[in-house]
Amino acid sequence: MPASLKRLRSVIKMITQRKTCPAGWTKFRCSCYFLSSVSGSWTEGRQDCNKRGGDLVVIDSAEEQTFLSKLINKDTWIGLNDRDKEGTWKWVDGTPLTVTYWASKEPNNGNADGNVAEEDCVKVLGSQSSNWNDNLCEAS
């Protein structure tokens, strides 16, 4: 490995180890997470995150999903939706969905009883398996 690459990795490691999170936030790897105690719609949740300088979480690894499943104890919105095109899931940062943790028979667009309900936003099921469920974006 070239010396310049070793130095770069060393600097990155130093930076990530020194990063601290604001009071009330939880650090995992290089990111800070805030779990709001306020209930609201997906859009309200995202607006609250934006006001705090963040956004709804983008989950891109099994390790992050495991971390979140330990942090979350009730249904919680994540930054995933298919509002633009039904069935095309993407994250709030514009990245496509590559890693999934859907609950059994999800996503179902509210079609469990034969009625399509346009469930376009995703939450983590905090009280169950911490898997994902598509839900109405207006739900609280």
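Where a number appears in this text, it was derived from the coordinates with a stated rule and is not lab data. Keep in mind it's a predicted model, so treat the numbers as computed, not measured. Cβ atoms come from the backbone with ideal geometry, glycine included; neighbour counts cover every protein chain shown.
Across the range 82-91, rounded Karplus estimates of 3J(HN,Hα) from the backbone phi angles (6.51 cos²θ - 1.76 cosθ + 1.60, θ = phi - 60°) give 10, 5, 6, 8, 3, x, 9, 7, 9, 7 Hz, Gly and Pro being marked x.
Counting beta carbons within 10 Å around each of ARG29, ARG46 and listing the fewest first gives the order ARG29, ARG46. Taken one residue at a time, the phi angles of the range 63-69 give Karplus couplings (6.51, -1.76, 1.60, θ = phi - 60°) of 5, 5, 4, 5, 4, 5, 5 Hz. Gly and Pro are set to x. A simple rule links phi to the HN-Hα coupling: the Karplus curve 6.51 cos²θ - 1.76 cosθ + 1.60 with θ = phi - 60°, which for the range 117-123 gives 10, 6, 7, 9, 10, 10, 10 Hz, with x for Gly and Pro. Around the amide H of SER130, modelled in the peptide plane, lie the amide H atoms of LEU125, all under 5 Å away and 5 or more residues distant in sequence or on another chain.
Using DSSP to call loops (not H, G, I, E or B), can you name the trypsin sites (Lys or Arg not before Pro) in the range 65-140 whose Cβ has at most 11 other Cβ atoms within 10 angstrom?
Working: sites: LYS70, LYS74, ARG83, LYS85, LYS90, LYS105, LYS123; in loops: LYS74, ARG83, LYS85, LYS105.
Passing sites in the range 65-140 are LYS85, LYS105.
The slack between ASP48 and PHE28, meaning 0.36 nm per residue of separation minus the straight C-alpha distance, is 5.2 nm.
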